[in-house]
Every structure is written in structure tokens, then in C-alpha cells.
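The values are calculated or read from the model by the stated rules, or taken from the named source; none is laboratory data. Quick caveat, the model's predicted, so the values are computed rather than measured. A quick note on method: Cβ atoms are made from the backbone with ideal geometry, for glycine too, and the neighbour counts reach across all protein chains shown. For accessibility, only protein heavy atoms count, side chains too; no ligands or nucleic acids. Shrake-Rupley method; radii C 1.70, N 1.55, O 1.52, S 1.80 Å.
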Amino acid sequence: MLWVLYDSRTLLHETVELLGGKHIPALESPDRIRALVKALDTSSDAFIELDAVDKSFEDPLLQRFLAESHESGYLEHLRTIHRAWVSEALVSQKDSILPECFPVQRMFTGNSLPARLSVPPKDIFARTGYYAFDMSTGICENTWTAVVASANLAVHGVRMLSSKRESSNTVMALCRPPGHHCNAKMAGGYCYVNNAVVAVHAIRHFFGPSRSLPSEKPKVAILDIDFHHGNGTQDYFYYDPWVLYVSIHGLHEYPYYSGFENEIGEDQGKGFNLNLPLPAGSSTKQYLSKLDTAIQRMDHYAPDFLIISLGFDTYNADPLGSFKIETEDYVTIAHRIKNSRPLLKTPSLLLLEGGYVVENLGENIAAFLRGWEGTVDVIAKAADSPGH
Ligand code: SP5
Ligand code: ZN
């Protein structure tokens, strides 16, 4: 059985971005989630609407996992910056804010960041750039609510997998905003809180030490199959052998400055970071060959827990991607991951990342679920009316 977790509070974040020189409504929109929900059988017991059972975010554990994942000043910034701009009449309540100037290393004499930068700037324009690395990460009135709801889905998923290990070993969390681009202190690429990182902290709490290594941490593999490199997630676990990060993504595509094969991890974490970039325009065949390499590496690692950063921007028509993957290919992709040897029984948390062709998201998730589950217990509606 596979469970799908949804929270309508994730729809409250609705913002803007600067894309190709244009200031536009962000492609990462609430309609993405609406389309996914529409494709699922919401009357099934496997579909769980979290805001119905879990009304507040008071959960001290959720707060703890957030605090373990991000700098406190950054979280406070995300929570309060829109309010600060409104109170200084820089923006109206319904409008979004965007950064305008970033303290990038190369702008400083000698290329080293001045010590004063360890303290966040007071000026609210400056601070907005201090806590971001690009302009695709606007903040509106309700961004914080949606961000916390999104992370809460990941935490809840881990909780379910730890308590219902017998009946279910997969949870798909319909996270929004996504998470894999942001690191401990910077938003970027539509991401504010890294849901995969939050999930790792939850796993360490709920699962405790693994059976094979009783005094140590559980081993977590993160397979990132969003079209873009998950620079934020890589950054978090670069020195950590208890998390194996494996990513298949477009070479020389956004976020441009990371995701290369020579980024293999450092110190204790050396060998536990595997980037498998593919050139723009790559075919399904090329993709599946990288996927086999990814699966082999994960099988060898033999994780206690699997997280998939699942993006549907690998789809051929995606405006932010360049791969040639078609709807039916998601059946194959999911099937190969799920049916590889050790992963077959590994508790798995599927976290939604990108995917921007709203019209095809429904059939793509349905195809993925079909491949993951085989023919039984499929929560996706029959694909009789794609996109409706
Ligand atoms: C979670 C996620 O998928 N974030 C992606 C954010 C990407 N934002 C900037 C994209 C710039 C793309 N430039 C055009 C490339 C077309 N091949
Ligand atoms: Zn993406």
C-alpha cells in the first residue's frame, strides 16, 4: 500500500519570479498541486488530507527538525520579511517580494567575504538578498504557512513509515514549495525549506540506529530525479557518509554551478555523493542507463531508508527541462527503482519537487504510481481523461 499526503495549506503560497528577464507569476504554482490531486482517488483511504487531522504546526518535533535543518535567522527571515516590507510600505499585502542584490564572493576585494557578513544586514532590501541566491524565490503573505505545511508533510510521512511499517512502505508527500535547491541559509529555485533534509532529521529521530550498525545513525539514500541538480541537498550532506546523495539532472542547466561528476563528497562523506548529469536533449534510453547506475550505487549502499526527490520537470514538454521523457516512461522509471533488490523492502518517502506542465502532471504522477505499485493498490484514477 502506498499513501499520499496532501495539505491544502500548501496552496496558499502564490508568488512571482524573474525568468528570462520577465517578471511573471512563478511557474511553481498552486495549480500544480490541484492538478495532481485531481488525478488521484481522493476518496481512497490511501489519500490523507493532513490539514483535516492536524490543524496546527505547534508540534515541537516539527519545530525541532526545522531548526536542525536551517539557521535560525534564516527561518525568522522567511517568517517575517513580507510583513516587514508591508509595514515600511515597500509592497502591498497581496504582492510578493524578490531580492535585488546578493553578497556574492566575487564582488569583494580579494574575493573573500568580509567578516561583517556573518551578521545579517538590518536593511530589509539587503537582507532579502542575503538569504537568497536567485530571483525565482519570491515571498508572499502566506509563503511561510505553505513552507511549514510542506515540511510537515515530509515529517508526517516519516512518522507514518516508522509506525506502519507492516502495511505500507511508501509515502508520497505532495510537497509544495519544493525543497532541493535551498541550503541551510539561502532560498533559491522555488525552494525555502529543504524537505528532504527535514525528513532526514525526522528519520534519525523516529527510526533511531539501524539494525546493522546499532550504535550509529540510520543510512539514508536520497535519489534526486528532478530535472535540476539538488544543490541544496548535496550541500547539506557533502561531509556525511550516513546520507548517500545521488542525482540525475541536466548538465549545464539551472542551478548551473553545481552537479558535476567530480563533486563526490569530502572527508568522511567522500564517495557518498554521486552526480549523474546528462546533456540537454537526452533520450529516455540515456536516462534509464544513468538510472541503472544510480540504482546500483544505492543497492550497494543498502540504505535503511530511501527518499526520492521526485520532479516531473524531466517531462519532454517541460519549459524548465530538456529531457525527452514521456508519460509512459515514468512507469518504467518507478518500476526500476522500486524493484531493485534491497530497495524493494526499504521504507520510502517520495517528496514532490518540480514539474511545470500542469496539464500533464496528473497523468505523469499516475504513471509513476502505476510503475511503483505494479497493478495492485493503485490510488491513481484510471487514465481515461488525461489532465481532467
Ligand atoms: C524545484 C525546481 O525545479 N526549481 C527549478 C527552478 C528553476 N528556475 C530558473 C530556471 C531557468 C531556466 N532557464 C531556461 C532553461 C531552458 N532549458
Ligand atoms: Zn526542477
Response to the item:
The condition from (1) at pLDDT below 95; (2) of a type outside the set (A, V, I, L, M); (3) over 19 Å from C182 (Cα atoms) that Q105 misses is numbered (3)
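Only residues that are within 15 Å of ligand 2 (Cβ to nearest atom) and among the hydroxyl-bearing types (S, T, Y): list them for the range 223-259, please.
Our first condition is that a residue be within 15 Å of ligand 2 (Cβ to nearest atom); within the range 223-259, this holds for 223-234, 247-256, 258-259.
Once the filter is applied, which keeps residues that are within 15 Å of ligand 2 (Cβ to nearest atom) and among the hydroxyl-bearing types (S, T, Y), the range 223-259 yields T233, S247, Y254, Y256, S258.
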Fill in: Within the range 1-17, considering residues that are assigned to a strand (DSSP E or B) and open to solvent by 10 Å² or more (accessible area, probe 1.4 Å), the one farthest from G157 (Cα to Cα)
V16
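Restricting attention to the range 87-109, report how many residues are farther than 13 Å from E141 by Cα, in contact (Cβ under 8 Å) with a residue 12 or more places away in the chain and aliphatic (A, V, I, L, M). Talk me through it step by step, then tell me what you get.
Residues of the range 87-109 that are farther than 13 Å from E141 by Cα, as a first pass: 88-90, 99-109.
From the residues that got through so far, the ones that are in contact (Cβ under 8 Å) with a residue 12 or more places away in the chain too are 88, 90, 99-103.
With the extra rule that they be aliphatic (A, V, I, L, M), the set shrinks to 90.
Residues that pass the stated criteria total 1.
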Response to the item:
Exception for Q63 within (1) open to solvent by 50 Å² or more (accessible area, probe 1.4 Å); (2) farther than 18 Å from M186 by Cβ; (3) part of a loop (DSSP other than H, G, I, E, B) falls at (3)
Fill in: Residues satisfying the stated conditions in the range 344-355, i.e. in contact with a strand residue (DSSP E or B) (Cβ under 7 Å, 6 or more places away or on another chain), more than 16 Å from ligand 2 (Cβ to nearest atom) and either of a type in the set (D, E, K, R) or closer than 13 Å to E373 by Cα (or both)
S348
Item to complete: Give the range 316-335 a look and list any residue that's more than 10 Å from ligand 1 (Cβ to nearest atom) and surrounded by fewer than 24 Cβ atoms within 10 Å (Cβ to Cβ), or say none.
Response: N316, A317, K324, E326, T327, E328, D329, V331, T332, I333, A334, H335
Practice prompt. Please specify each residue of the range 351-374 satisfying the condition of being over 14 Å from D318 (Cα atoms) and within 13 Å of ligand 1 (Cβ to nearest atom).
Written response: L351, L352
Fill in: Where R106 falls short, out of the listed (1) open to solvent by 40 Å² or more (accessible area, probe 1.4 Å); (2) over 22 Å from C191 (Cα atoms); (3) in contact with a Gly (Cβ under 9 Å, 6 or more places away or on another chain)
(3)
Fill in: Among the candidates Q234, Q296, Q268, Q286, residue that is open to solvent by 50 Å² or more (accessible area, probe 1.4 Å), modelled with pLDDT of 95 or more and under 27 Å from S162 (Cβ atoms)
Q268
Discussion item. Can you tell me which of (1) buried (at least 24 other Cβ atoms within 10 Å of the Cβ); (2) within 16 Å of ligand 1 (Cβ to nearest atom) is the one Y254 doesn't meet?
Written reply: (1)
Worksheet item: Given G269, G230, which one is among the small types (G, A, S) and within 15 Å of ligand 1 (Cβ to nearest atom)?
Response: G230
Worksheet item: Which condition number does S168 fail, the rest of (1) at pLDDT 95 or above; (2) away from ligand 1 (no atom under 13 Å from the Cβ); (3) open to solvent by less than 10 Å² (accessible area, probe 1.4 Å) being met?
Response: (1)
